[in-house]
Structure formats: structure tokens, C-alpha cells
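The values are calculated or read from the model by the stated rules, or taken from the named source; none is laboratory data. Computed from a predicted structure; not experimentally measured. Glycine also receives a Cβ, built like all others from the backbone with ideal geometry; neighbour counts cover every protein chain displayed. When the accessible area is computed, the model is the full protein with side chains, heavy atoms only, and any ligands, DNA or RNA have been set aside. Shrake-Rupley method; radii C 1.70, N 1.55, O 1.52, S 1.80 Å.
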Amino acid sequence: MLTPVDLYPYQKQMAEHICYNERSMVWARVGAGKTAAAATAVWTLQQWGYAKAALVFGTRRIVQQVWGPECAKWEHLRGMRVHVLRGKQRDYLLQRQADLYVVNYEAIPWLITQLHHTYFRHNRPLPFDMVILDEVTRVKNDNGKRWQYLYEGLLPAIPRRIGLTGTPAPNGYLDLHGQYRMLDDGMRLGTVKNHYRDHFFSPSGYGGYKYEPKTGARERIHELIGDITV
């Protein structure tokens, strides 16, 4: 059984970063231990009395195969109650106390509907006060329905938001806008993607449909997001 002593120094850095920043982003390669670090941060915040539970979004594989098994490997995490919100039991499990509620991104419409029906409509407090967006690039498109459902239907009620990813800009730095707006409400890269694009990028390629960062743009973007990114 692994203990907190077995966390690598960079995993401890990730966990500390999440603990000390209400809005935080973690960039780390696949296999670097982001799940254990983030779960340790949730556990630590619970011990401090600063969090009651976390809602975790992920891909189907992450939801089914990663969070529960990973917590079971660690002595300090094995007691955490992990509710995977899928199948016929998801309505029931959403209303039962847990430390981690793990749900697929594809289930966002169902989740928002249930939360409004069960909690918001009756002014009941949500069972979690943190949101972890695992593979946050899945919500990079702030014009998409999934993004809008989540941002408008839930996040105003959530003070602590965390993004995790091993590929923060798979198609270029334009991808960063929606991810960071989801976390910080546009404080760093703005609320309008076209404004972000026009400020930091220039049209390139045939017809000008592709965009390349202007000189010094990458460095400036890193400066803007650096305080909440590790």
C-alpha cells in the first residue's frame, strides 16, 4: 500500500498547487500521476476543512478505470468514497454522500438537469464544492453545448475549479482560451475567443483559416496563465 511519502516531488507540487489555488491548472504528461496528486489535494482540503467533496469529469475510460482503482492503491485515499455516476444507479448515487463523484463528459446534460431538479430548485446545498476537469481539453470549445451547459448550469455555484491535462494545446495555443475561461471566468485570456485570437495570433495558410501565434505571443500567454498553472 502506497503512502503520501511515496508521492514523487512533482506530484506533491501538483497537490500543493491545487490546495493553494482555488482556480488551478495542472499540465503533466500522461502517466505522471495527476490522478493521485489531485485526489491527495481533495483529501488534504477535506482534512483542513476547506472542502467537502469533489465532482470529477473525465472520459469514459478515466471514469470507469482510473479514479476508483487509483485511490485504492494509496493508504490515505483508500477510505475515500468514490461514486461513479453511470448506469441505472447514477441518480441514486448522486444523492448519496461521497468524497468523489466521477462522471463522463457525455453525461453533462443529464447531470445539470438532475442538479437543478434535486438541489438548485429547492435551494439545497450541492453535495460537492470542487470540480475537477480531467482531460480538460474535452471542454476547450466555449461555443459548444457541452461547455455552455457546464459553465452556465453549474460552475457559478462552484468556488474551486481544477483542470488536468497532458495535452493542453493539441491543436495550438488557440485551444487554451476555452479551458482557462472555464476555470477563471475569462480573467486571464478574456471572455471572447475572437478577441483572444486577434490579439495573440495572425492568419496563416491558404485562405487565412489557420492561425499562428504572433512574435512573443506564447511567452505573453504563459505570463498571463502562469499564476494558476503548474
Label point distance in nm, residue 92-residue 197, each placed 7 Å from Cα along Cα→Cβ: 4.7 nm
message: Can you bin every Cα-Cα distance in the stretch 3-101 into 5 Å intervals starting at zero and give me the percent of pairs per bin, rounded to whole numbers?
response: 2, 12, 23, 26, 21, 10, 4, 1, 0
field: the chain: calculated mean residue ellipticity at 222 nm from DSSP helix runs of at least 4, using -39500 (n - 2.57)
entry: -11000 deg cm²/dmol
field: Dimensions (Å) - the chain, Cα atoms, principal axes, largest first
entry: 54, 43, 29
message: Probe radius 1.4 Å, ligands and nucleic acids ignored: give me the carbon and sulfur share of the accessible area of the chain as a rounded percent.
response: 49 percent
query: Put a dot 7 Å past each Cα toward the Cβ at residue 3 and residue 78; how far apart are the dots in nm?
result: 1.3 nm
- prompt: Using the alpha-carbon atoms, what tilt in degrees (0 to 90, nearest 10) does helix 108-118 show relative to the longest principal axis of the chain?
  reply: 50 degrees
Charge dipole of the chain about the Cα centre (unit charges at C-beta), most positive-ward option of 43, 130, 117: 117
query: Residues of the stretch 162-180 with amide nitrogen under 12 Å from the 7 Å Cα-to-Cβ point of residue 217?
result: 172-177
task: Just grab the label-to-label distance for residue 204 and residue 141, each label 7 Å out from Cα along the Cβ direction, in nm (one decimal).
output: 2.3 nm
field: Ranked packing of 52-65, 2-15, most packed first, by mean Cβ within 10 Å
entry: 52-65, 2-15
